[in-house]
Every structure is written in structure tokens, then in C-alpha cells.
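Structure record follows, encoded as C-alpha cells.
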Amino acid sequence: MGNFFRKAGLLLCAVLFLLPVVLTVLHSFAVQKVEPDLFYLESLFPKKFDLTGYYDLLVEDSQVLWNFWNSVLYALVITVLNILVSVPAAYSFSQAKFRWKEALFFFYIVLMMMPLQVTLLPNYIGLRDMKLLDTPYSIILPAVFAPFSAFLLTQYMNGLEKSCLEAALLETKSVTTILTRIVLPQLRPCILAVFIFEFAEQWNMVEQPNIYLKAEKWKPLSSFLSMDGGLTVSEVLAGSVIFMIPIVVLYLYFHDSLEVGLESMKL
Amino acid sequence: MKTKKAADIILYVFLTFMLVFTFFGKDLYRLTIPKVVAESAKRKSFPAEVETPEGIFQTKKVVIAVPEEAISDGFVYALNESEQGAYVTYEEVETGKTDDGWVEILKGIGARKKVIVGSDRVLYDGREVIVLTEQTEQIRLYTEGTAEEKEAFAKKCKKHNIQTVLIAMLFAVAGAVTARLLLRKRLRILFAPPDGSAVSIALLLFSGRD
Amino acid sequence: MEERGVLLKKYLLKCKLLLFPSLFGIALFYVIPYIRVIYYSFIENQFSRRFVWFDNYKTVLGNSYFRLALKNSLFLIVFAVPVLVTGAFVLSLLLLKMKGRWRMLRIAFIFPMLVPTASVVLVWRTLFSGNESVFPVYFLFWYKNIGLLVILISAAFSTLDNAVFEAARLDGAKGLMLHRKITLPLIFPTLLFTVLIGVVYSFKVFRESYLFYGGSYPPDHSYTLQYYMNNHFMKLNYQYLASGAVLTSLILYVIVVVGVKLQKKYSV
């Protein structure tokens, strides 16, 4: 009997958690009132259905689609570069021995914990001094070096069995061989977790493009979905669904790895 | 594994859709641009009454007039032609008398301004249009009929727009599926790599597996 | 043998070098500019560059909006974070014994972490339209972050040794008592860490709040530190922005240090 209540409670929670997503999808196929100032839905559950939102967004306003590809570009480039930078860093943190390692790693943790509003200003000043503002690099470069993935990968690597690595060290002293043959295969779930986590993080960014970029053509789709993006409610809803799909797909691919990877997020 | 297959299919269809809309959105849009018939506002002589101490006389007077069909609820759609294309603006007019299918314009637009007399789709302020030189049969007059008829017409137009797009999309998806069937062997590495999913091929590069 | 030692040294050196790209980028985009931020926080303005010591800090701390922001941020930590951790704890307890298909339910809890807030914000606005209190943003905060904590706590549960429970049961511990005496102490370090994560993420809830209220000036009760920073960013008041950033980073630094220390203390 206790089990029954447990299941019921869980199911209720799960439904509540998925409800906003489901409602967004439903509403994107529904008739919306055309009132420019009101950024609300008429009712919580849609009544009449049609495809106007999608038509307006995809066919009539198809300029916004280039911003969608901007989003894809940013998220992919940032995530891939970030992993390429972070895996060696994590390897270094778990293997190398030097005096300030602990302190440096702690610095990474602190930096990782800083909210965007703290890091935005240093990033902005750095970008301004390098004359990178208003270019796509201003979005990409600071995010590539964000320390979260290095932290997670280091923790995951520290939690792995060391015996395999030690055996390999007896055979070879080549860093590349050990990294590609021994470490990377073991790291796979964590890399996948970092991939999806970072991708989602970059996919959702709002503040950075609003502050670093002025040209609309370089902005990602996320900065158009908010109220001041200049789209109507039905367009925003259709855009939201389109915006969600890549994340859903990634999640379907990697949800198990995501859990395994994030589990190593502890100190 | 089931979720990964589902993800593959969603990703495939989604990317096809997005690519088609990105590159052909403008063309699809052209399919749904309203085709309109326009007529210039003309100077016409209208019957007028002149009141004099001797009595009321029937005379003629030259006024600016537009065809009756152009006016709907005190507004007209004025046509603006530029090098990029034509578009309409919604303009308020003050009307006077009606004579022989033409309506006198007291205020709002000048002579020679073109106004829309027929359109196959609902218009709104700033809407891009294609101007036809002569009235064809399929061009219904959007001002004809009662309010219900107009609404029904608007609905029909919207449906037509979406149908146009859906049919185009169907073609796109059919094309994509055919391409996939034809190129199955070559694409297999992309869509069914050893691990069973499209994205994992990219990650195989990371994982260093053989 | 000697050759081997040389090789090992070389290997370790190469390992050190692997850290370089990451360090270089962090120095370039975070550390060096941050030093400039500190410098900005001590000068009058960008043009005169007169050194004014702590005047900017005094102005910022004296600003009523900054204090309001600080108060609201603290309230978020004091109230919303414990609820978040408790909720995550309860959810992971519920998920603990689920098997097979029921385990898939956790997908629902992790999913919000990834769903773009911009996507679902319209539904949230409708759901809470007319609600004048601070709860909408709290709800968004819980909704967004509970998944990560559930993962962390579930992971801690899964490392618990069953033998401990068996022994405790044999000693006569039952039900709640068992949980209080055995489970809680064992996963206490993890709980501390989730609290830390919750506190840190409470500073990151700005985006949700910003999208929810759709502007730079939310109702007073939701005006957090990040709004203060963001609004100054829009006006490019470097000196106040800089001192605000330094203050916020100091607060967070203290929180992280205390959190990590506490966790180290209890995890032995």
C-alpha cells in the first residue's frame, strides 16, 4: 500500500514537472489572441487549434531561422571546443603533480560557482580590450574556457579505477597514447554528460548576446523568445517548440550518460 | 535503444524541416503572397447639387473617386510600389456620394493613388502583395459580402496558406526520405553507426574507440 | 631504471602542459579582466581615473536598491534553498526503491534542467498571472534545479552499503529511526554539497526571473542582486558595476569556502 502512494506521488510530481512543456507544445498549435502588449496566454488549456504560429514564424518571418542556426553554431562550437580544452585540463589535474594544484583546482571551483552577473563584467572588459565585441567570437571565446566541464571531468577521473592507468604507465609514457587509448574510453559517459549539459547551457543563453552583440544577424534564437524580442505570442510559442526539440533529442540520446556523469559532481 | 531510435527519427525530420524552411522559406512565402488587383483613384464628374437663392440645381462636379469595392468600413488598402516590391498600407478615408459603382473620396487619398479592389487573400497593413494587371476569375473581391462571409473568406485564405506550406513540406520530407533510401548504404554510417545513434558518431571521435 | 625515471619526469611535465590551454583562456577572459574590474571599483570614473578608495563601495552599499537586492537574495537563500534540498531529498527517497519503468520517472525531474526557460516562460506567466507574491520565481527556481539535486542525492543513496542497514536492523532500528540514525549521517556530506549548490544556483536564478517579469524592474520583492548588476550594465556605470561585482564575488567566495570547509569536516 505504501508503495502505491509512493508511485502515485511520484507520478503526480512527474506530470506537474512535464506540464509546462506539454502546455507549451499544445499552445503552439492553438489560436492565440493578437494583442501586442499582453504577453499571456488566454487560458491555461488551449481551445481552438491551427498552425498560424508556425506559418508566421517559419514562412513569413523566416529571417528568425538564421538565428536558429546561429544558436546551433554557437552551442556546437562552444561545447566541442570546451570539451577539447577541458579533457586535457582534467587529465592534468588528476595526473600532474605541482605545488599549487589544490589551490588552482579550488580556484576553478570558485570560478564555476560564480553567477553570470559577476563573470559578465570581466568577460566584457576582456572582450572590449581585444576588440571582439559585436562579433560572434564574443559569445564563443569566454564560454569555451568556462571551468565547469574541467571540474566535472576531473572529479569523474579521480573516481575511476587507477589500476588500468598504472598498468598502462608501465608500458608507455606517451601522453597521447594514454589519453586516447585508456582515459578517453573510460571518460565517455562523463564527456557525454558534459556535452549535453554545456550544450543546454549555451543553447539557453540570454544575457551574453544581449550585452555583447548589437547586430541582430549574429544573435541566437534564445534572445528573440523573450518578451522584447519583437515576435507575437503565437510566433514565440512556435519558436519555443522548435527551440526545445534539439534539447529533447539530445536528452533522448544521452539521458543515461547525463545521470552517470553528473553523479560525479561532488567535492 | 528505443529512445535513441526515436531521437534519430525526430532529429532527421526536424533537420529536414529546418533546412527546407531556412533555404526555401522565402519561396514558400512567395507562394502565399496575396495577388491583388488595383485601380487608380480617378477624377470623375459626379452629380452635385448647388444651392442658390433661386433653388436647388442639379449640376456636375469633378471629384476624386475610387471603385466601391475598394472601401471597407471607411478604410482602403492603398498600393505602394517600390523597387523591392509592392506592399499595401491601410488608410482611413472619408467618403461622400456613390455614383455608378464609384465612391467619392472627401479626404484620405489623392488622385492617381492606386487602391486595391480585389485580393485572393486577406490583407493587412504593410503586407507584401503581387499586383495582377487584369482581374482573373480566381481573384475574389475581399470586400464583397457580409461580415460572416468575409470571416469565412479570411479563414479559407489562412487554411489555403497553411495547406500550401504543408504540401511543400510534404514534398520536402518525401524528398528527404527518398534521398535517405537511395543513399542508405552511404548514410548508414551516419544514421546507424555501430552504437545505433547519429550523434554518437561524432562522439566516437572523442571516445577513441576503434 | 634511470631512463625510466627520466621518462616519468617527461610524462609528468607533459601532463602539466596539458593544463595550459585552459589556464591561458581563463587568465585571458576571467582573471586579467577581473583585476581590471578591481581597479575600476577603486576609481572615480573611467575618464578622470581618480583614485577614490572605497567611495564606490560606500555608494553601492548605501544604495537602497542594492540593499533591497541583497535582502532578497539572502531571503532566497534562507527560504528557497532549504525547501529545494528537502524536496530533492524527498523525491530521491521516493525514487529509491523504484525499479524498471518507474525509474524512468526521474527523466521528468531532470528534464526541466535542460528545457530552455525562454520556451516555457509563457505558460509560467499564465499560470501565475495575477500572483503578486514572490512565489513564481521561487517555483521556477525549484523547477529548474531540483533535477540536479535529485541526481546527486540518488547517487549518494546508491553508494550506501546495504550491510550497514542490515546490521542496524538487527540492532532493532526501524523506519524513521533507521533513516535518522544511519541514512542521514551517511549522506550528510552530500546534503551539505547540495545546499552549497542550491545557494550558488540561487544566484543564477536571475535569467528565469528576468524572463518571467520581462524587464529590468520587477516587483520589489523579486529585485535581486543580479538585477542591480544587470541594470548598471545597461547603463555602463563601470565603477558601481565593478564594486557590485567584487562584492558579489566576495560573498560567493565566502559561501563556497565555508561550504567546502564544512563538507570536508563532515565527510571523514
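None of the figures in this text is laboratory data; all of them are computed from the coordinates on show. All figures in this text were calculated on a predicted structure; none of them were measured in a lab. When we count neighbours, we look across all protein chains shown, and the Cβ atoms used for this are built from the backbone with ideal geometry, even at glycine.
Things worth noting here:
- Protection-proxy order for peptides C:112-119, A:69-76, each taking the mean of Cβ atoms within 10 Å per residue, highest first: C:112-119, A:69-76
- Modelled label positions at C:Ser133 and B:Phe23, each set 7 Å beyond Cα in the direction of Cβ, lie 5.4 nm from each other.
- Across all Cα pairs in the protein assembly as shown, the calculated P(r) in 20 Å bins from zero up to the longest distance comes to 14, 41, 29, 12, 4, 1, 0 percent per bin.
- Pairs over the 24 Å Cα-Cα cut-off, from the set A:Lys48/A:Lys217; A:Lys131/A:Lys217; C:Lys16/C:Lys204; B:Lys26/B:Lys114; A:Lys33/B:Lys113; A:Lys217/B:Lys5: A:Lys48/A:Lys217; C:Lys16/C:Lys204; B:Lys26/B:Lys114; A:Lys33/B:Lys113; A:Lys217/B:Lys5.
- C:Lys97-C:Val258 FRET efficiency (beta carbon distance; Förster radius 45 Å; 0.05 resolution): 0.85
- Rg(Cα)/(2.2 N^0.38 Å) for segment B:1-122, N = residue count: 1.84
- Helix screen, chain A: DSSP H segments with Cα axial length of 24 Å or more and mean Kyte-Doolittle hydropathy at least 0.5 are A:2-28, A:63-95, A:184-203, A:233-263.
- Over all other residues within a Cβ to Cβ distance under 15 Å of A:Leu81, the charged ones net out to -2, with Lys and Arg as +1 and Asp and Glu as -1.
- A simple rule links phi to the HN-Hα coupling: the Karplus curve 6.51 cos²θ - 1.76 cosθ + 1.60 with θ = phi - 60°, which for segment C:155-162 gives 4, 5, 4, 5, 8, 5, 8, 5 Hz, with x for Gly and Pro.
- The charge dipole of segment A:18-91, taken about its Cα centre with unit charges on the Cβ atoms of Lys, Arg (+1), Asp and Glu (-1) only, comes to about 300 debye.
- A:Arg181-B:Asp73 FRET efficiency (beta carbon distance; Förster radius 56 Å; 0.05 resolution): 0.15
- Modelled label positions at A:Lys7 and C:Asp171, each set 7 Å beyond Cα in the direction of Cβ, lie 3.5 nm from each other.
- Taking Cα centre as origin and charging only the Cβ of basic (Lys, Arg, +1) and acidic (Asp, Glu, -1) residues, the dipole magnitude of the protein assembly as shown rounds to 3760 debye.
- Taking label positions 7 Å along the Cα-Cβ direction at both C:Asp161 and A:Leu133, the computed distance is 5.9 nm, reported to one decimal.
- Under-5 Å amide H pairs with B:Val117, H placed in peptide plane, nonlocal only: B:Val37, B:Ala38, B:Glu39
- Whole-angstrom gap from segment C:52-116 to segment C:167-205, using each part's C-alpha centre: 18
- For segment A:94-213, the relative contact order comes to 36 percent (Cα pairs under 8 Å, sequence separation of at least 6).
- Rounded to 0.05, the FRET efficiency of the B:Thr133 and B:Leu15 pair, given R0 = 51 Å and the Cβ-Cβ distance, is 0.80.
- For segment A:92-171 versus segment C:237-268, the gap between their alpha-carbon centres in whole angstrom: 18
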